[in-house]
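Data first, discussion second: the structure below is written as structure tokens.
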Amino acid sequence: MGKYRAQKGFLLIVVVLLAATFFASLYNDSTGEAVRTKRTTIATKQPLSYQQPQGGEDSGSVLIPGTGWTGPTPIPGPIGNPLAQGHDATAIAHSDMVPFQTTSTTMNIGVLAYHINGIEKVSFSVNNGPWVDVFSPTLNPETEVEEYWAVLDASQFLTDGPVEIRAIAYPINGYPKVLQGTTIIDHDSSIILNVNPSGSLPHRVRYVSTTGSDSSTCGLTSATACLTIRHAADLAAIYSGVPGQPGNLDGAELRLGEGTWIMPEFRGTGLIPFWQPAFRTTTRWFTITSSETVNPDNVLIDEFFGPADGPGLWLKQVRLYDVSLVGHARTPQANFEDYFWVDNSKAYFLGNVITNNLCGAHFQGYDAFTSTYFTDVYMDNTCNGPQDAVLVRHVFADHTGAGHASKSHTVIDYTVNRVYGSLLSQIPPGYDYHGDYYQMYSRYQDIIIKGGGTLPGALVSSRGIVDEYTANHLVKDVVIDGIYLDVNQPGIMDGWVFSYCDRIDHMIIQDSTLIGSSNWCGELGGTPNPLTMHNLLIKDSIFENGNIDKLPHPILPQIRYITSPANSPTKLFVTTLSTSQLRLKWMDNSNNENHFEVERLQLPNGIFAPLLPASSLPANTVTFTDTGLPPSTSFAYRVRAVNAAGPSAWSNIANGKVM
């Protein structure tokens, strides 16, 4: 196990060095060049414990459209033996697609799917077309996530407009999960996108500059830019011609020049009452981005929803793309706001979150699970991480205060470094930072956390992944896949890396390393509290420096721990040392063995039997000396590695003769 951890740490260090070099070049404010490339965050986009497969039997299958859905998709019945462990669990399946996107070519549709008994397949259908089965997760080159995916091809459609994709995750044994529904577009609803093969969907672009001028024709080019965002939006909108009706901003785009921008409230004026939105969107994003001729690091959006707890943006389906967010930027709160997307952008505060009174950029939904999305975002000197989101994908946060990705449904490759809230000596007066990497709450279930975690040696997080430390808290349908969390640093508040104190139902922990002082707890407020577990799977994971904190009863026997079998040793050979000693040496090819077993037979007619002094050699052993042997006698040996999954295959057989 120690060797396994060392290899993971080495890979992470390499990744960190590469990422640091990448960020230094990508966010060089002195270049003055327009940066339109993807602001990918860090290279840990799949678990580091195995080789990522590149493609599969059914990856990339094209979806053929039908004529449209006529009702709900029936939920398939349970699969497999009803007496098997985990049969009563439902598959955990999330789409990691941001909805309302538009494609005129192709788009890869991804779904993450898990079950304690494994996933048989994920099936996709668009507009009630034929179901396409995908039997294995592979790397989706579009999202850079290992998942089940199929291809939406716009050329397969006769008309432009919205399409609805549904998916079904089938476990090997258990209850399937259907992703469907359009009332609330979320992680487990239908996937609503737009196809535009003939180009009829409007894409209206207006430019805005601090040196521009508002007129009836401004903004068609960067040279004729408008002066204000609100005026440019008015020109980009499509109006029905009916007085008092809001303008439609579906598919519209504003391109901002360099400077600091204060986002307006898009509420009504004139014939549209001020308590109503001036604009609307229905099926597509309204995008605010940087002009292609400027450096997006110098396009600063500050106070973009007014003062803290102010009235808000008054507009749905707003996408901020390739800009830099500073100051007190907040996610939506009002009735007229939903579906907010920060994409390919940078968020930071001009100063230091420790020494300044202001808390820097603040990303937190006012209501948990507000439909917010954060993809390919670099955060630095922010008050929080991307809390309360539907999707967090490829986000890196440094010099943060608290919050992190807590209460977000799908968290993929969220990596943090230097969280000030984790160090008692670093918390400034008047602040109450609570630097959990992820805190779960009883009313929020069905969560996937995949990849990312903490950088090696980082001063990060007062806690890792924890529940809310209250009675009657049910953690249900949760996946923790391929993360590295180390909160075992000096000065940390309590160092709980993984703390659950009440009830667990269907939790999967796999391919992860969790380093910290506490893994499980069995008390609340100093009072013993029974910790109950149902359908818990721990696979190929390490809990280091952990203890069962304040637990009144043993818990590890209740955990179902599964690991992959160790690789077989190879290149076994035997060397004669004396008239009574033979030395064995072999190559250790595994990184997850618990011990090695050696067997011996006496030639020419003996049978293999355990060599008792070598029946349980420690992990990482590669030599053994067999002593007390009779002279002029020949022996054959073989060795194998053993872990919780059982023994590996035997090595080659090697012979030796005592002098």
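A short reminder: the numbers here are calculations on the coordinates, not readings from a lab. Everything numeric here is computed off the predicted structure, so don't read it as measured data. Glycine gets a Cβ as well: all are built from the backbone with ideal geometry, and neighbour counts include every protein chain shown.
Key figures
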read-out: Over 21 Å between alpha carbons, listed pairs LYS407/LYS539; LYS177/LYS450; LYS121/LYS177; LYS177/LYS476; LYS539/LYS585; value: LYS407/LYS539; LYS539/LYS585
read-out: Shape of region 130-257, Cα gyration tensor, a/c cut at 1.5; value: prolate
read-out: Calculated P(r) of region 81-181 - Cα pairs past 20 Å, %; value: 40
read-out: Residue exposure sequence - ILE272, ILE465, ILE301 - by fewest surrounding Cβ within 10 Å; value: ILE272, ILE301, ILE465
read-out: Packing rank of 87-99, 196-208, where each peptide gets the mean count of other beta carbons within 10 Å, highest leading; value: 87-99, 196-208
read-out: Sequence ranges 181-188, 149-156, ranked by mean other-Cβ count within 10 angstrom, highest first; value: 149-156, 181-188
read-out: Mean separation of Cα contacts under 8 Å (6+ apart) over length of region 54-195, as relative contact order %; value: 35
